[in-house]
Amino acid sequence: DQLPLGASEIAKLLLFVENKTISGSAGKDVLEAMWSSQQSAKELVKELGLEQISDDSAIEALVDQVINDNTEKVEEYKAGKDKLYGFFVGQVMKLSKGKADPEVVNRLLKQRLNS
């Protein structure tokens with residue numbers, strides 16, 4: 001009864017994270033904003049533009065752009081520089097402004113880089 005948030009609002013936030021509407025780190029940001037503003041999780045996710053991109057075709061376009069923009073690094077990766085994989089993930093996440101679902105990014109990057 002002393003919390004500024006109701007249990008139902010916290011549950012809604014947890015569902016957003018569980019359903020991958022937002023990332024776990026975005027969930028922390030939303031919780032902090034909920035705590036101080038008394039706004040709902042739904043309002044804040046929309047207001048802050050934190051909805052995660054999970055659509056394969058949207059992420060595939062980002063992956064293709066990163067690969068096309070970094071052909072030299074792709075060749076280095078294929079020649080055995082496995083540590084460059086993190087670079088590619090970082091570039092896709094940067095293009096998506098951190099909104100791309102990391103699981104989808106990893107799956108699509110592995111497919112493209114190993115083909």
Among the residues that make up the stretch 30-51, is at least one of them touching a residue at least 24 places away in the same chain (Cβ under 8 Å) and either more than 27 Å from Ala7 (Cβ to Cβ) or in contact with a strand residue (DSSP E or B) (Cβ under 9 Å, 6 or more places away or on another chain) (or both)? no
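Conditions tested, residue by residue: (1) open to solvent by less than 60 Å² (accessible area, probe 1.4 Å); (2) among the hydroxyl-bearing types (Ser, Thr, Tyr); (3) part of a helix (DSSP H, G or I).
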position	(1), (2), (3)
Ser25	no, yes, yes
Glu47	no, no, yes
Ala58	yes, no, yes
Leu84	yes, no, yes
Met93	yes, no, yes
Val104	yes, no, yes
Inside the stretch 6-29, can you point out the residues that are basic (Lys, Arg) and either free of Cβ contacts under 8 Å to residues at least 60 places away in the same chain or in contact with a strand residue (DSSP E or B) (Cβ under 8 Å, 6 or more places away or on another chain) (or both)? Lys12, Lys28
Given the criteria among the β-branched types (Val, Ile, Thr), within 30 Å of Arg112 (Cβ to Cβ) and at pLDDT 95 or above, does Val63 qualify? yes
From the set of residues in the stretch 3-16 that are modelled with pLDDT under 90 and assigned to a helix (DSSP H, G or I), which is surrounded by the most Cβ atoms within 10 Å (Cβ to Cβ)? Glu9
Would you call Ser115 small (Gly, Ala, Ser), open to solvent by 80 Å² or more (accessible area, probe 1.4 Å) and out of contact with any helix residue (DSSP H, G or I) (no Cβ under 9 Å at 6 or more places or on another chain)? yes
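The values are calculated or read from the model by the stated rules, or taken from the named source; none is laboratory data. None of these values were measured; they are calculated from a predicted model. So basically every Cβ, Gly included, is an ideal-geometry build from the backbone, and we count neighbours across all protein chains shown. When the accessible area is computed, the model is the full protein with side chains, heavy atoms only, and any ligands, DNA or RNA have been set aside. Shrake-Rupley method; radii C 1.70, N 1.55, O 1.52, S 1.80 Å.
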